[in-house]
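Undergrad: Sharing a structure with you now.
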Amino acid sequence: MPRKPDRESTPYTDPQDASADSPIAGLLRIVDRRSDPPGRGAVNRERFIRRFKDDIKRAADEEFGKRSIKDVGRGGRISIPGRGLAEPRLTHDDDSGSRDFVLPGNREYLPGDSISRPRRGGEGEGDGDDAGSGGSTDSFGFALSREEFLALFFDDLELPNLERTRFGEMSMERMRRGGYSREGLASNLLPGMTVRMGIARRIALRGALLERIEELEGEVAQAGDPPPAELLEEIARLRARREHLPFLEDVDRRYRSRVPTAAPATRAVMLCLMDVSGSMDERKKDLAKRFFALLYLFLERKYGRVEVIFVRHTETAEEVDEERFFHDPQTGGTLVHPALELAYRIVQERYAGPDWNVYVAQASDGDCTGEDGRRSAAFLQQDLLPLLRYFAYIDIPSSSGWFNRASDLWQSYDVIEGPVFARRAVHDRGDIWPVFRELFARKQAA
Amino acid sequence: MTETEGNTGTTEPSANPDPQRPWPKLLTKPTVPMPRPGVQRRGEPIATGSEWTLGTLEKYDRAIAAHAGRLGLDTYPIQYELITASQMLDLCSTVGMPVHYAHWSFGKSLLSQEHGYRKGMTGLAYEIVINTSPSIAYLMETNTLALQVLVMAHAGYGHNAFFKTNYLFRQFTQADAILDYLQFARSFVQECEEQYGWREVESVLDCCHALAPYGVDRYRRPARLSVKRERARLNERLKFAEKHYNPDFAHLHMHERDEPEAESLEAFDPQENLLYFIEKHAPKLQPWQRELVRIVRKVSQYFYPQRLTKVANEGAATFWHYTLLNELYDAGEVDDGFMLEWLGNHGDVVAQPPFDSRGFRGLNPYALGFSIFRDIRRICELPTDEDREWFPSLAGTPWPEAIRFAMTNFKDDSLIEQYLSPKVMRDMRLFMMHDGEDDRDHYHVHAIHNEAGYTKVRQTLAGQYRSEAYIPTIVVARASDDAERALLLQHRVESGRLLDAQSAETVLGYVKQLWKFDVVLEEIGSDGRRLKIHRT
C-alpha cells in the first residue's frame, strides 16, 4: 500500500470478500484530499521561474514600463519568448522521403485527387498528437502572482515587512460616538431613548409609590378603627401622584454623546517631484519610477489608499498626470524652488489638516544653480517640512559624472536637518531597495 | 443499451433503422437513449440532481461494480481521491503522478495549463487515473454527480481494467511499485541538488528528458522496481567509489573496468536503449549522474506502454463508461437528466473534427478507439454480411469475450490492423494520402473508404501508430574505446525520412553533455548506405 489510509477513508467492502466471488475487486475507499496542503506544484513553478529568470525579468521590466505606479504591485500576465522553452525531441524532417498517412473527414476526394500541401508550420499533419513534444511556440504566456512579480521587480529582494510603528506614525484626535449624555444640543436629541427613559422613570416611581402606599395602608390597618386622617390624606395624595406621573421630564432627555479619541491618521498622499529637464534620461527616470513605485507600495500597505500627485519641473513646475510625468519629454534648465513652492501650495490647498499624512519624494539628477539650491533648501526647511511626515530626496547622478563629487542640489541640501528629511544617492537599479530600506529604517534608530 | 447511435457528428444517417428499436416513429434517431426493453428497472434512481455526497458516490460505485462484474471486467481495487481544481492542475503538470521529482518542465506545463484554465480557454482534465495497485482515480470536487459517475466508470473501471488486462502493462510495469519508486526518485534528486547544486542536476535531467524516448527496453521485461534494492545498490555503489577512489590510480581502475568491454568491442551488438548504455558506459559521468540517468530511464520505461496504447486504452475506457452508464440507465439507477448530461460530455470527448476544420488536432484517440471498440460489440451482436466477410471469427460471438480479447492482446497499431472495420472507416470517412518526393507541393489521395481502399487505409493508419513512425529509431552502433572515445549512433532511415537537422543537432548536443566526448549520428538507408551524418 503506497499511501497511508486517510482520515476520511470509508471502506465499505472488504476487498478480499469482493474478489472471492468476482474478478471485480471493487471500491477500496474514497479519500478526501481536498484539505491537503496546496502548492505541490509550487516547487516546479518556482523552478520554471528560476530557469527563465532573465527572460521573465525582461518581460516583467517591459510590463513595469507599461504600468501605472499604482498597478505595479499587482500580479499579471507575462509573456516570454518561446525559444529555449522547447523540450527538444528527435523528429523526422517532413521534407525528406515519402510517407503515407490517414486523415478523417473526407467529404469530396477520390483516389487520384491531390491536395495542395499546407505551408510549413501549419496544422494538418496526421502524425498523431503525441503529447509533450511541445515544439517551439512563438511566445509563452502565463500569469505571475503579486509576490512573484514584486520579487522580480525588486530584483529578488523581498517586500519589506516593516512594522507599522517604524516611521512617522502620527495620530490625531477624532470625535467618536461614545454612549449617551444628559446634556447636549437639541439636534443630538434621541427621542426614542428619551421616551424609553421616561417609561423607566415612571415604572420605577410607580413601584416606589406603591410600596409607600402599602406601607401606609398597613399602618392604617394597625392604627385601629378610626384611621388617622393624616394617614388617609397621605395615601390619597400618593395615589393621586402615582396616577399623574408626568410623561416626560427633563431628566429623561438623552443626547448622542461624542468623545474625542486618538486615532491614527488614515489618509495619505504622496507627492512625486521630478526634474524632467533634458539631463534626466530614460535610465534616471526609470530609477525614479522604481523608487516612487516602491514608496507607493509601502504606503499602500500601510494606509490602504494613497493619493498620488505628480509634479514635474524644469524651470517652471506643473502638476501633471502620470503618463506625462514619466513619458513626456521636456527641455529646459532646472529650477527646484518652483517645484517645492507648487508642492507647498498643493498641500496647503488640498491636504492640509492633521488627518493627512503627506509624503514627498523628490528625484533629481542634482543639477541646479547655487542660488536656486540655497533658496530651495531654505524654503524646504522653513515652510514645507513642517507640513510633511517625510521628505525623501533621491539623487541620481549621471553615470558618466565624477563619482565622488556630490551634486549641486545635494550640497545645497547639506544645511537641512531634521527627522523628517532624508536623502540618498542611487546609481543603479540594485541600489533602490537598500536605499529605500535605509531611508525608512533610519527613524527607528533615531 | 445495445445499439444506440453515438453522436460523433460524422456518422452517416442510418439507412435502415432496425425495426426492433423501441423509440417512437417520429424520431429517426434517438435523442435520448431508451432503456432496453425487458429489463427490470428500479422504481427510483439512486440519486437525482447534480449534487453528490461520499455516500452517493459509494452507492454508484457499488452499482457500477455489479454491472462490471456481470460483464466480466477484471480490475485492480480502486481508490478514489477527491481533489480540488488546483490540485488537479498540479497533478496534470507532473504527468498525472502524485509524486514526482522536481523539474522546470513540470512548472512550465503547470503555468501554461493554469493560464489557459484561468482564461477559460481550456477546461480541466476530467480524469486522471494511475496505473498502480490499488488503482488511484481522481475525482474533482467541482464535477457534478453525472460527471463523477462518468469518471468513476471511465477511469475506475475502464482504464483500471485495461491496465490490469493488457499484455504490455502486465509485461512492462509493476503497478504496485511505481509510487514508491517516484518517492525515492524525488528524494534522491533533492539530495543531489543540495549536494551538487541545482544547475548541475537540472542540466543532467534536461539531457535525459530529451533522450527519454530512447531509455526504453522495448522487448525485454524490465527488472522489478524496488526501492529497497535501489537504495542498497546505490549505497554500495557510492561506498565503493568512496573507498576505492584515488585520483592517482584512477586510470588503472578505469582500465580494469574497461577490459571486458574491449573484448566485446569486436562484436558490438547495436543497443537501442541509449540511456541504459549511457548509464553503464559513459566514461566520465559521476555516480550520482548515472543514478539520475537511471531514474529518468525507469520513469520512461514505466510510461512506455501508455505511449503505445493511447487509442486502445482510451478507446476501451470510453467504451466501458459508455456501456456501464447505459447499463445503469437500463436498470433504472439513473434518471434521464443524468443521461443527457453525461452524453453531452461524452459527445465532446469523442468528437472528431474533419481534417480541414479549424478544430482539427490530429486523430482523436478517444474517437478512434471508441469507434473501434463499439464496432466490435456491434459486429458481435448484429453482424452484417460485410462483417461476416471481414470478421468471420467475431460475428455472432458473445461481445464481452471479444472486447476482453481486444483489450488484452493488442497495442494501438495491432488493434487497428486487426479491428478497424469498414463501417468505422466509412463513419469517420478516413482516407489515405501520400506525400512523396516527386511532388512536394501536393499530397496525393491514394485510398478512400471504399472496397478498393479499406485495406490500404487500415494498414496505413496502423503504421501511423507504430512508435517508429513518430519516434525515429536510434541505436548505439559503436562506442570506440580508443583515445577519442567517440559514440556512434545510427538512425535507420525508413522510406527516405531523414531527421530534422535542427532537432538532431540539439539532441546530439544533449547526448554529448552526458557522454562528454564526441558523438556522431549516421543516417543509414535500408540498403546500408550512409545518407547523412551529423556531428557535434
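Undergrad: Every residue in region A:83-94 that is at the interface with chain B (Cβ under 7 Å from one of its Cβ atoms) and either farther than 30 Å from A:G141 by Cβ or in contact (Cβ under 8 Å) with a residue 24 or more places away in the chain (or both), please.
TA: A:L85, A:E87, A:R89, A:T91
Undergrad: Now for a separate question. I need the full set of residues from region B:352-380 which are within 21 Å of B:S421 (Cα to Cα), out of contact with any Gly (no Cβ under 6 Å at 6 or more places or on another chain) and within 13 Å of chain A (Cβ to nearest Cβ), in order please.
TA: Within region B:352-380, B:Q352, B:L363, B:N364, B:P365, B:Y366, B:A367, B:L368, B:S371 qualify.
Undergrad: I'm told B:G69 meets every condition in (1) over 30 Å from B:R199 (Cα atoms); (2) at the interface with chain A (Cβ under 7 Å from one of its Cβ atoms); (3) under 21 Å from the mean Cα position of the chain (by Cα) except one. Can you identify the failing condition by its number?
TA: Only one criterion is unmet by B:G69, namely (3).
Undergrad: B:A351 passes all but one of (1) in contact with a Pro (Cβ under 9 Å, 6 or more places away or on another chain); (2) not in a helix (DSSP H, G or I); which number fails?
TA: (1)
Undergrad: Right, something else. Scan region B:87-116 for residues that are more than 8 Å from chain A (Cβ to nearest Cβ), modelled with pLDDT of 75 or more and assigned to a helix (DSSP H, G or I) and report the count.
TA: 5
Undergrad: Continuing with this model, one more query. Which condition number in (1) farther than 22 Å from A:Y351 by Cα; (2) of a type outside the set (D, E); (3) surrounded by fewer than 16 Cβ atoms within 10 Å (Cβ to Cβ) is the one that A:F291 fails?
TA: Among (1) farther than 22 Å from A:Y351 by Cα; (2) of a type outside the set (D, E); (3) surrounded by fewer than 16 Cβ atoms within 10 Å (Cβ to Cβ), the lone unmet condition for A:F291 is (3).
Undergrad: Read through the list (1) at pLDDT below 85; (2) part of a helix (DSSP H, G or I); (3) of a type in the set (D, E), then give the number of the only condition that B:E266 fails.
TA: Just one mismatch for B:E266, condition (2).
Undergrad: Sticking with this structure for a sec: Exactly one of (1) in contact with a Cys (Cβ under 8 Å, 6 or more places away or on another chain); (2) closer than 28 Å to B:E81 by Cβ is unmet by B:V201. Its number?
TA: Checking B:V201 against (1) in contact with a Cys (Cβ under 8 Å, 6 or more places away or on another chain); (2) closer than 28 Å to B:E81 by Cβ, the one that fails is (2).
The values are calculated or read from the model by the stated rules, or taken from the named source; none is laboratory data. Worth saying up front: this structure is predicted, and the values here are computed from it rather than measured. Backbone-built Cβ (ideal geometry, glycine too); neighbour counts: all protein chains shown.
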